[in-house]
Amino acid sequence: MVKQHVNIGIILFVFFVCAACLHGCRHFSYEGQHPELPALPEAFFVGTDSCIPCHDDVYRHYKQTVHAQLQSDEVKGMQRGCETCHGPGSMHVQTKRTGDIISFSHLTAAQSSAVCLQCHRGDPVMDWRANRHVMSGVGCNECHKSHKITAPKMVYRGDPEICFSCHEEKRAQHLLPSHHPVKEGKMRCSSCHNNHGSENNNLKKLNRNDICFECHAEYQGPFVYEHVPVIEDCTICHDPHGTIADNLLRQNEPFLCLRCHKGHRPNPKTGNHPSMASLMTSCVQCHAQIHGSDLPSQVKGGGLTR
Ligand code: HEC
Ligand code: HEC
Ligand code: HEC
Ligand code: HEC
Ligand code: HEC
Ligand code: HEC
Ligand code: HEC
Ligand code: HEC
Ligand code: HEC
Ligand code: HEC
């Protein structure tokens, strides 16, 4: 009898120790564990005030961010200030060693994104895993800077500058004679691209033409006389970033058209087709409604001429 009581006592004791341990451990780790999430299992939280004396420059920048302005009750864990992202700081405040704090310069892209993904799970990063950037080892902190506020949404140097820094060839395209007014500040890479999701060239919409129709609705149709490649994909003829040819065309006319068409054969009656002379210049001189038309050609059937 007595022995049994002791056993139950031991079992209860072990149970409470384990429970206390698990509870404590949860304090030292983040909510909603992520396999890549870095941790400092030995340390405990000491509060933002203990960081300020040595990092007042960082603190001044941090104060301007959305993260610092969040009410503590809005987001669980945010009341931990600096330690929300850098982990518990008890060891680091003693040693000042970077190894005793979560230092982003020592993390992989996946680990550093995991810190952000604790809270950012919904919009806009819901489909983050399908993004070409995450698959190529580009994490949140390549584009966002948590302390250097240089542009809205904590985007480092802003869109398009941050994009140009890695996509040099896109900067070159935007210097060509015909280009979308991105570097002029009238639109951004993010006008067409989704930086946080979509496996389809990181584009905002699955159907490319739907992106174009947002701003060029006049080409949406439906038209009585459609032009097949226009319905299929605007980018068959246009490069959205920049081209040497006018109108963002991938090639000049008539070569663009002659990729798919033979042009005109001589008219058997007159021996010559009126367009033969124009063959070397412009097809849209006559086929002015190249994107689709509701009116038939004056000669016969369709023809995209008016
Ligand atoms: C007593 C001064 C001191 C205190 C207090 C202190 N730090 Fe540091 N911290 C340093 C020094 C010095 C370094 C640079 C260490 C090095 O370069 O090896 C550093 C480095 C860091 C780094 C790494 C920087 C990098 O290069 O990636 C982070 C992150 C950091 N501290 C965050 C914190 C946080 C968060 C707190 C509060 C919990 C804090 N520090 C409190 C002195 C301090
Ligand atoms: C929202 C997450 C987050 C919070 C909160 C945060 N940091 Fe950082 N910190 C980062 C990231 C990410 C980096 C790496 C540089 C970057 O990408 O912005 C960084 C870098 C640093 C560095 C290295 C120097 C530098 O500027 O790169 C220090 C020191 C630092 N943080 C200290 C602090 C202190 C002190 C606080 C609180 C006042 C704080 N951090 C709050 C995410 C955060
Ligand atoms: C403790 C939770 C939490 C963590 C961790 C966190 N964030 Fe946030 N963040 C928020 C909340 C809440 C907002 C405000 C609401 C929103 O925009 O989703 C916000 C806003 C933002 C914004 C929009 C800023 C603006 O000006 O509107 C960016 C960008 C951002 N976070 C990036 C990051 C990055 C990068 C990291 C990792 C270094 C990170 N966040 C870590 C909770 C967090
Ligand atoms: C390739 C660059 C890039 C990467 C990588 C990136 N972002 Fe962004 N993010 C941007 C740009 C540019 C904006 C502002 C334009 C926009 O809304 O898309 C932005 C906006 C945001 C916003 C604000 C959205 C809003 O509408 O207020 C949040 C929050 C955010 N990012 C979080 C993250 C998080 C978390 C990660 C990592 C999981 C991440 N971002 C990765 C470029 C990036
Ligand atoms: C007008 C819409 C639009 C704008 C603005 C835009 N893109 Fe694109 N982008 C697209 C479309 C559509 C595709 C897929 C078709 C293609 O490959 O040309 C694409 C493809 C890409 C690709 C992958 C294929 C390739 O050509 O290498 C990259 C990288 C890219 N864009 C980067 C950028 C950058 C960086 C910016 C800002 C400087 C930008 N884009 C602005 C629409 C746009
Ligand atoms: C740190 C470097 C870096 C930054 C910053 C960056 N990218 Fe990228 N981006 C890459 C890498 C690496 C890839 C994958 C390899 C590739 O396809 O070129 C990629 C892929 C892409 C793709 C998809 C290409 C495809 O073939 O599907 C697009 C679109 C794109 N980036 C647009 C942007 C935009 C828009 C920005 C700015 C908001 C940006 N990138 C910022 C490095 C970067
Ligand atoms: C966010 C709005 C926006 C989106 C989305 C957009 N465009 Fe544009 N587009 C513009 C603006 C603004 C101009 C410049 C108009 C001007 O200068 O008068 C332009 C100009 C053009 C031009 C003429 C270029 C020249 O040199 O005159 C073509 C062609 C074009 N866009 C095709 C496209 C295609 C194809 C898509 C889809 C991949 C697209 N656009 C998506 C806003 C947009
Ligand atoms: C078969 C090739 C082809 C396709 C596909 C195509 N276009 Fe064009 N687009 C042209 C040609 C050729 C011009 C020049 C017309 C001219 O000089 O009159 C042009 C000119 C334009 C212009 C600039 C002229 C203006 O009205 O400002 C825009 C914008 C445009 N296209 C948008 C689109 C959109 C949106 C799509 C997809 C729905 C598309 N294009 C598909 C061949 C094409
Ligand atoms: C990617 C291939 C492609 C390109 C590039 C292209 N077309 Fe077409 N075009 C087609 C196809 C496919 C049809 C439908 C053929 C059919 O129905 O027999 C068509 C039909 C036509 C028609 C007949 C329309 C009708 O109503 O019967 C004309 C005119 C035409 N294209 C002119 C042009 C001109 C001008 C250009 C250059 C600006 C051009 N096309 C570029 C593929 C292309
Ligand atoms: C001088 C005006 C003119 C020029 C320039 C012209 N076309 Fe045509 N095209 C027409 C007319 C009118 C039709 C209507 C059908 C017909 O009578 O043959 C037509 C019909 C077509 C058709 C439909 C085929 C058919 O027989 O129904 C295609 C494809 C076509 N043109 C392509 C081109 C291409 C490609 C170029 C440039 C190399 C071009 N056209 C230049 C006037 C012209």
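The values are calculated or read from the model by the stated rules, or taken from the named source; none is laboratory data. Values in this document were obtained by computation on a predicted structure and should not be read as measured data. Glycine also receives a Cβ, built like all others from the backbone with ideal geometry; neighbour counts cover every protein chain displayed.
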*Would you list the helices (runs of 4 or more DSSP H) that sit entirely within segment 35-131 and hold 3 or more residues that are surrounded by 12 or more Cβ atoms within 10 Å (Cβ to Cβ)?*
56-62, 83-86, 90-95, 109-117
*asked:* Can you list residue pairs whose Cβ atoms sit under 7 Å apart, with the first residue in segment 236-262 being at negative phi and the second being outside any loop (DSSP other than H, G, I, E, B) and within 16 Å of ligand 4 (Cβ to nearest atom)? Count only pairs 6 or more apart in sequence or on different chains.
replied: 241/170
*Residue satisfying all of: in segment 187-209; surrounded by 13 or more Cβ atoms within 10 Å (Cβ to Cβ) and more than 26 Å from residue 139 (Cβ to Cβ); modelled with the lowest pLDDT among these*: 208
*In segment 164-207, what count of residues is obtained for those that are within 11 Å of ligand 7 (Cβ to nearest atom), over 16 Å from residue 244 (Cβ atoms) and not small (Gly, Ala, Ser)?*
14
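Which of the helices (runs of 4 or more DSSP H) contained wholly in segment 170-267 include at least 3 residues that are β-branched (Val, Ile, Thr)?
Working: elements: 208-213, 228-232, 255-258.
The qualifying helices (runs of 4 or more DSSP H) are 228-232.
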